[in-house]
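Only one structure is covered here, and it is reproduced in the block below.
The values are calculated or read from the model by the stated rules, or taken from the named source; none is laboratory data. Bear in mind the structure is a predicted one, so any value in this text is a computation, not a measurement. For neighbour counting, all protein chains shown are included, and Cβ atoms are generated from backbone atoms with ideal geometry for every residue, glycine included.
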Amino acid sequence: MGSAQRTLLELFYGRWRSRTVYGGIRLGIFEAIRQEPKSANQVAAELGLDAALGYRLMRALAALRLLREHPGQEFSVTAAGEMLRSDHPLSMRDAFLIREGPEHTAVWKHLPDIVRDGQQNGFVREYGTTAFDYATRTPSYSARFNAGMTSQSNLQTAWTIQALRNCDLDSISHICDVGGGHGHLLCHLLVEYPHMTGMILERPDVVAQNQNSWIDKLNIGDRCSSVAGDMFVEVPKADAYLMKMILHDWNDNECVRILGNLRRCAAKPGRVFIIEHVVPDSGAPDYAALFDMHMMCWGTGRERTGEEYRELLRVSGWTMQGTWFPSDGEIGVIQGRLMR
């Protein structure tokens, strides 16, 4: 088979792969199978599945290297499959469930019209409102969205902390995580840097879900707190700000408003750490360009190059200091300082 044909077949089967994984997660396959081989019939009986169709699904998951098939139609889970269980420390289960769930699947069908019309409003086309407003009025989507973001944070937090080791954080005593969700990144960062205190700024509906807060899970309530607010209006005063996967949600004008509020409230000398998928300037193949397609369908935002972030910082009153990447990860940390 030629390379052109192989490339096209890989793309042709792409959605089938992700839908197969989604089906396995939804049915509980990865929760039911552990490292010891278990027969397909036993798994089907435990989960209430049709035995013949259940075996075929497990066989497909084995073809995707998430399960391992043994003689006698028995299966065990691979290292990658273990990461699709809810109890794995780096679980990607909820990230798959939101990514392949009904809302995020539905908005993609508007991609051709979005590109033709020049209007990034897939969620509005499908549901009559923006994603954030839809989350406010649809608790089930809000819960799945927040769980999905936390699931992605399992990897992103590790990548971010590794990248931040290249930065001098000793002078930062108080740091604010803008749009920090339930505090996964900030709380793990405070464990890494015990001289710091922190605050999480989030929407009121997220702060109200305090049972999911990492402040209590990591027992750092004396050094960290959550506050409800709107980053488009005002942010708490801090030495430095974190924004992980925030600016990519918004267009350039909206990003300038957010960064301008940070500049106005920052304690001098003031620092900001923008954690995002950075599109390579070279145009080389990269996941950031694919993530950009999701942002095109989901909201008004985009993934950006390092130079585009430099310009956003400049017009907002910040100076870009550099970009750091983890040794094995898909995101970058862009540091800005207040202009003198």
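Key figures
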{"item": "Pairs, first touching a residue at least 60 places away in the same chain (Cβ under 8 Å) in the range 1-18, second not aromatic (Phe, Trp, Tyr), C-beta under 7 Å, six or more apart", "result": "Ser18/Glu100"}
{"item": "Every pair of residues 6+ apart whose Cβ atoms lie under 6 Å, when the first sits in the range 252-278 and is buried (at least 19 other Cβ atoms within 10 Å of the Cβ) while the second is part of a helix (DSSP H, G or I) and of a type in the set (Gly, Ala, Ser)", "result": "His277/Ala288; Val278/Gly306"}
{"item": "The range 161-196, subset part of a helix (DSSP H, G or I) and either of a type in the set (Val, Ile, Thr) or farther than 26 Å from Gly329 by Cα (or both), residue modelled with the highest pLDDT", "result": "Val191"}
{"item": "Leu57 vs. criteria closer than 15 Å to Val43 by Cα, surrounded by 18 or more Cβ atoms within 10 Å (Cβ to Cβ), touching a residue at least 24 places away in the same chain (Cβ under 8 Å) and among the aliphatic types (A, V, I, L, M)", "result": "yes"}
{"item": "Helices (runs of 4 or more DSSP H) wholly inside the range 1-113 containing at least 3 residues that are within 30 Å of Arg137 (Cβ to Cβ)", "result": "14-27, 93-99, 102-106"}
{"item": "Selection count where residues are surrounded by fewer than 17 Cβ atoms within 10 Å (Cβ to Cβ), under 24 Å from Cys265 (Cβ atoms) and in contact with a helix residue (DSSP H, G or I) (Cβ under 7 Å, 6 or more places away or on another chain), scope the range 177-220", "result": "1"}
{"item": "Residue satisfying all of: in the range 144-170; without any contact (Cβ under 8 Å) to a residue 60 or more places away in the chain and β-branched (Val, Ile, Thr); farthest from Arg337 (Cα to Cα) among these", "result": "Thr157"}
{"item": "Test result for Met199, in contact (Cβ under 8 Å) with a residue 40 or more places away in the chain and not in a helix (DSSP H, G or I)", "result": "no"}
{"item": "Among (1) surrounded by fewer than 16 Cβ atoms within 10 Å (Cβ to Cβ); (2) closer than 19 Å to Thr323 by Cβ - the single one Arg302 does not satisfy", "result": "(1)"}
